[in-house]
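Worksheet: one structure, shown below.
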Amino acid sequence: MDIGWYLAVSALIFAIGAAGVLTKRNPLVLLLCIELMLNAGNLALLAFARMHGDMDGQIFALIVMVVAACEVTIGLGLIVALYRRRLPIDVDELRELQG
Amino acid sequence: MSEVVFFMAGIGAIAGALGVVTLSNPFYAVLSLIGHLISLAALFLLLQAEFLAAAQVVVYAGAVMVLYIFVVSYIGGQDEPLYSTASSLRGLAILFAGLLAVELMIATLGSGLQAIDSRGAPYDADFGTPGEIGEMLLTRFLLAFELASFLLLVAAVGAVILARRRRGLPELESGAPAVRAPGMEFATPHGPRVGTMAETAGILPQGEDEVPGPAGPPWRRRSESDEPPAAGEKGW
């Protein structure tokens, strides 16, 4: 397949993830949509790495996966902390940050 | 052959992504994301990223998604509230996402790179194998590798600190809601001590064996006092 097809799929997935981030209200699903966007970026990185025959893009994608795992860990920790404090699990209700 | 695999995996990936966005139950959204990740791993294989495809399936679809499922089952998969408010904003968001897709297509496909319309660089059997990746990680990208491991360590410690039980909040432990505001009653879906280790081990204090919910749900257990009226008393 031509590299352009992979880039098109990547752009579609990124847009779907962005739509999810903009419309969803549950922070868990919001994290899932951020995962979608990161994976779309990974797909584009790998497509370009294949296009140039250079493996630096693959290392970049690997580091993106590490960062995504960290983001998930911290995000889920925040959600569990919200639940422990019995705050609403809804990003529209959580407008202000205070200790 | 690769076209067939590409279209199957691509359609699977896009369908999984749409499932994440459209399904209202977070649990099903996580399952849909797992399907999306596995389809994406097939695309990675087509792009000769063998190590990354394996890592995608094992680490992402395996470990990280299990973490998600644990948290979803811990906080209870609350369905997304219906979009009664701000539906115009929602339409605007979908319009924005469509524009973003168009813009990304223009930015990548219209970039004028000659190789976009080709299959890429000539085939190299060593491209993307674990051995090559490991060699690059330990030579040219050693700093990035070490920083990534340090980042993982910091994230693990941070998650433990965030999710620990705090001692300075005694009223929270006794089950009183922290927020008393109209419209926020759904913040306490369970009664006190539900989900704690004390309940699991069956060592609840005296008189708390039956943990009451915050308000009587419509499916509450029927007791003897509210038996349905005998047939003949009422018209039905």
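The values are calculated or read from the model by the stated rules, or taken from the named source; none is laboratory data. These numbers were taken from a predicted model, which means no experiment stands behind them. Backbone-built Cβ (ideal geometry, glycine too); neighbour counts: all protein chains shown.
For the residues A:ALA61, A:ALA69, the requirement of being at the interface with another protein chain (Cβ under 7 Å from one of its Cβ atoms), touching a residue at least 12 places away in the same chain (Cβ under 8 Å), within 14 Å of the chain's Cα centre (by Cα) and in a helix (DSSP H, G or I) singles out A:ALA61. Listed conditions (1) among the hydrophobic types (A, V, I, L, M, F, W, C); (2) within 16 Å of A:ALA49 (Cα to Cα); (3) more than 7 Å from chain A (Cβ to nearest Cβ) are all met by B:PHE145, apart from (2). In segment B:25-41, the qualifying residues are those that are more than 15 Å from A:ALA8 (Cβ to Cβ) and within 9 Å of another protein chain (Cβ to nearest Cβ), and the one that is nearest to the chain's Cα centre (by Cα) is B:VAL30. Would you be able to say whether some residue in segment A:18-31 is modelled with pLDDT under 90, outside any loop (DSSP other than H, G, I, E, B) and polar (S, T, N, Q)? Checked against the condition, which is being modelled with pLDDT under 90, outside any loop (DSSP other than H, G, I, E, B) and polar (S, T, N, Q), segment A:18-31 yields at least one hit.
Somewhere in segment A:81-89, is a residue buried (at least 22 other Cβ atoms within 10 Å of the Cβ), in contact (Cβ under 8 Å) with a residue 12 or more places away in the chain and within 24 Å of B:LEU152 (Cα to Cα)? No, that holds for no residue.
Within segment A:70-80, the residues that satisfy the criterion of being farther than 18 Å from A:LEU94 by Cβ and crowded, with 20+ Cβ neighbours inside 10 Å are A:VAL72, A:THR73.
For B:PRO122, the conditions (1) more than 8 Å from every other protein chain (Cβ to nearest Cβ); (2) loosely packed, with under 14 Cβ neighbours inside 10 Å all hold with the exception of (1). Taking segment B:1-64 and the helices (runs of 4 or more DSSP H) fully enclosed by it, the elements with 2 or more residues that are surrounded by fewer than 17 Cβ atoms within 10 Å (Cβ to Cβ) are at B:2-22, B:26-46.
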